[in-house]
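Let me begin by presenting the structure, written as structure tokens, before commenting on it.
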Amino acid sequence: MSRIVVNFMHGRGFIFNAEDYLKLRFEYRIVGNLIGVPVSHPRNVNQQGMPVALSAYEVKLLLDKEIITLVDKTGPLQRVPSDEQSQQYGAMVEQQKQEMHMPVVEKRLEAFRKHMPRIIEGKRRKLLKSGVKEEDIHLDPDQLLDQEKERIMQEKFDQMVQIPLKYPLTLEFSECSIALSAQEDVKYRVFKSLWQQGGFITTGDAFGCDFLLYPGDPMCFHASHTVHVLAEGVSRKLDAKYLIRICRLSVVVNKLCVIAYVDESSDEVHFETLEWEGNVTNKGDTF
């Protein structure tokens with residue numbers, strides 16, 4: 001199985017190929033974060049498009065599972081293009097212009113063919129008015145069409161040149177790895193444990209937690225759990241205000257509150273589900 005290439009920039013992984021992203025999302029439950037603008041709706045601020053940014057935890061998981069290859073193209077992309085690369089890109093742009101130009105030419109010629117009888121009659125009248133005899137007038141439709149095509153080909157049209165989302169030329173790059181801090185490593189272990197249990201996981205910044213857990217694809221489901229990671233484990237006494245805050249927050253957003261930590265004695269990830277007193281229901285979604 002060929003690995004998916006993920007570009008590593010600014011501490012995150014980026015995917016520029018839509019098919020690669022769909023494969024990660026539907027086969028491996030990796031959601032990422034769409035940060036681009038959709039091509040079909042460039043002014044729509046409520047809808048995002050390619051590329052996709054992957055969190056450090058998603059990148060680390062995919063590397064461990066040997067699903068992706070992480071590459072660093074920052075250096076090569078920052079270099080000044082060579083003359084050969086500039087010529088290749090210029091040729092690509094010119095090809096795009098030709099591809100956009102030809103449909104316009106064909107449309108104009110189609111309209112010319114449609115009105116050919118009237119055009120010939122108009123030219124005949126002009127020649128007669130200028131003193132040319134009727135028997136000397138010879139108007140060939142094919143010749144007129146060739147002349148019109150030559151004239152249209154010389155005209156300039158307004159054109160929109162596509163800006164490539166993916167670097168269009170051959171580029172040398174090197175594979176790289178990702179390093180996590182001790183605190184990030186604990187969060188990664190929690191993320192990996194959640195992923196192995198099924199469901200979809202995203203970052204929980206918008207809800208004041210570390211992760212959000214979904215029973216299915218976030219396009220179809222709301223998050224069911226907010227997950228808070230205790231990076232220092234449970235050896236230190238938990239702050240009552242902290243517990244009250246995260247529990248009340250989960251009540252407000254109608255989700256279950258989960259505390260995750262790595263047990264020091266067994267070195268395993270543990271989960272504790274918390275609910276506000278009086279709000280306990282038999283939902284069956286516990287860890």
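The values are calculated or read from the model by the stated rules, or taken from the named source; none is laboratory data. Since this is a predicted model, take the numbers as computed values, not measurements. All Cβ positions, even for glycine, are placed from backbone atoms using ideal geometry, and neighbour counts span all protein chains on display. Note: areas computed on protein heavy atoms with side chains; ligands, DNA, RNA excluded. Shrake-Rupley method; radii C 1.70, N 1.55, O 1.52, S 1.80 Å.
Structure above, values below:
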| quantity | calculated |
| --- | --- |
| Selection count where residues are open to solvent by 60 Å² or more (accessible area, probe 1.4 Å) and of a type in the set (Phe, Trp, Tyr), scope the stretch 43-68 | 0 |
| Pair list, Cβ under 9 Å, 6 or more apart: the stretch 234-245 residue within 15 Å of residue 261 (Cα to Cα), other residue at pLDDT below 85 | 234/264; 235/264 |
| Residue satisfying condition, being at positive phi and not hydrophobic (A, V, I, L, M, F, W, C), within set 121, 66 | 66 |
| Filtered residues of the stretch 162-185 (kept if open to solvent by less than 60 Å² (accessible area, probe 1.4 Å) and farther than 26 Å from residue 11 by Cβ) | none |
| Selection from the stretch 216-226 of residues that are touching a residue at least 40 places away in the same chain (Cβ under 8 Å) and more than 17 Å from residue 54 (Cα to Cα) | 224, 225 |
| Filter result (touching a Leu at 6+ places or on another chain (Cβ under 7 Å) and either charged (D, E, K, R) or free of Cβ contacts under 8 Å to residues at least 24 places away in the same chain (or both)) within the stretch 51-95 | 60, 73 |
| Cβ pairs under 6 Å, 6+ apart, first in the stretch 154-183 and of a type outside the set (Phe, Trp, Tyr), second open to solvent by 60 Å² or more (accessible area, probe 1.4 Å) | 159/97; 159/100; 169/88 |
| The listed residue being over 24 Å from residue 185 (Cβ atoms) and not polar (S, T, N, Q), out of 59, 52, 80 | 80 |
| Hits in the stretch 189-201 - residues which are surrounded by 14 or more Cβ atoms within 10 Å (Cβ to Cβ) and within 21 Å of residue 21 (Cβ to Cβ) | 191, 192, 194, 195, 199, 200, 201 |
| Extreme residue, least open to solvent (accessible area, probe 1.4 Å), among residues of the stretch 1-42 that are among the aromatic types (Phe, Trp, Tyr) and farther than 25 Å from residue 215 by Cβ | 14 |
| Single match in 135, 121, 148 (criterion: touching a residue at least 12 places away in the same chain (Cβ under 8 Å) and over 30 Å from residue 57 (Cβ atoms)) | 148 |
| Residues that are open to solvent by less than 90 Å² (accessible area, probe 1.4 Å) and either among the acidic types (Asp, Glu) or part of a helix (DSSP H, G or I) (or both), drawn from the stretch 118-133 | 119, 120, 121, 122, 123, 124, 127, 128 |
